[in-house]
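Computed from the coordinates by the stated procedures, all read-outs in this text should not be read as laboratory data. Bear in mind that the values here come from a model prediction, so they are computed numbers and not experimental data. Counting neighbours? That spans all protein chains shown, and the Cβs are built from the backbone with ideal geometry, glycine included.
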Amino acid sequence: MSTPLLRRCTALLLLLGGACAGMVQAAPATPAANTLSTPAECGLDDDEPPYPGATATGYKGALESDPVWHRNVRSRRGRDGQMQFRLRWQRTWYASIEPVHLRGQAWAYMIRQHGCHRLLDPQGRAYPLPPFRALSYPSLTPSPLSGLLRFETGRIGQAVYHYARFDRRGRLAAVSPHTYSMSYSSSSLPTDGLSPPLLDVVIPAPDRHGLLNLTTLREVIEPRWLGVGGIWLNGPDREPRYLLTDDGQTRTVYSREGQVLLRDIHGITLLPHGLPPRPDTPANDQAAMVITRQGGAQCEVYDLDLKPLLSQPHRTRHGSCLTAPDQTGGLGLAGETPDGILHFYTRQPDGSLRQTGQVNGSLAALTRTGNAVTRIDTPAGPRYRVYTFTAQPTHPQDFDDFRDLGCGFHEVRLGEQWLTLLPDGSTRTERYFPFSC
């Protein structure tokens, strides 16, 4: 819409009570086309009592006179006996006028007419915003985000909302790109670590999730996902290190600004203490991120700067990357490459993963202290051998069988005798069984 036409429509809106509402909504500053904007869908009752010029802000909720209203609003009784109101510098009468504090010293005016609310700027001109049913200050908003308002539109049960932000002079600064559903299915990813200014928003029919930045009203993640979430660590601020989306099959990692960093991810596991402690490294930066791809068949490991720590992807076991603390307390990893070789890695003080050895065979299990049980296929049948993460065997002999009892308990069989495999790689004739995990 051209600027002159928008100006004419805005003026007609004040005189004719909303005849141009649809044209105003088409302006570039308004939300997307799924906004409900016809007066019948606002759902207001014209018989509802008007704003009385007082607010319940006194002692124990007592009414206090609203000085902005009394200074700028005039009233009269119409021919039908109903009260009417206008701004003192205008001639248009409304069913109600209520001052709305925007930001700093700026005030707007919420007027009711023909079953809808509309918002007028400090001079009494209509903002290029759709009609609405209810207006509120978002309770999630911290003080730096003052000037943010939430507008609710649509019938009860089908209500949607959008945001608008105003500067200190009362000018419209930004409008959210879409209207968002107030009733929707939950995100497929956890959102409990998200906090303002990031907000999980959903567009309706069908529900699609995104992330809105309340400071800028820009969608950092467009609402077209089954789920949105973040990767965060325990800390005083709990801000997500990275953002996540889920399309139902794969996940994508983004920066907090919405830039795509990693795609086609099947699963993500965060190891909070996966890296060896260093005096110059905050505790939260000692985490490692284990990623699976190709339906869980391929394993990759990254540090929190998304630097890959493996020279090539590895196979997974039952869809998981097998990691365990090595003998130094840092991250140990044992993985099979497609050529059937088992590689051992340990994390070095400089932040790299160094290969410490390799053996033929497949990985059967890792103990809690970083020993690997490997399976070796021989003409006489499978044999089992226990290695450290430096590829050194812990026993001079192979074992005839192996059992994973769960909860970190393992057994090996030598001849006819079953032995308990202890976490340090030694064996004991006394057998232990896990009671519970």
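Some values worked out for this structure:
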quantity	calculated
Extended-chain gain in nm, criterion 0.36 nm per residue less alpha-carbon gap, Ala54 and Gln397	114.6 nm
Approximate shape of the stretch 127-276 as ellipsoid semi-axes (Cα gyration tensor, √5λ), whole Å, largest first	30, 19, 12
Distance (nanometres) between label positions extended 7 Å along Cα→Cβ at Ala297 and Cys407	3.6
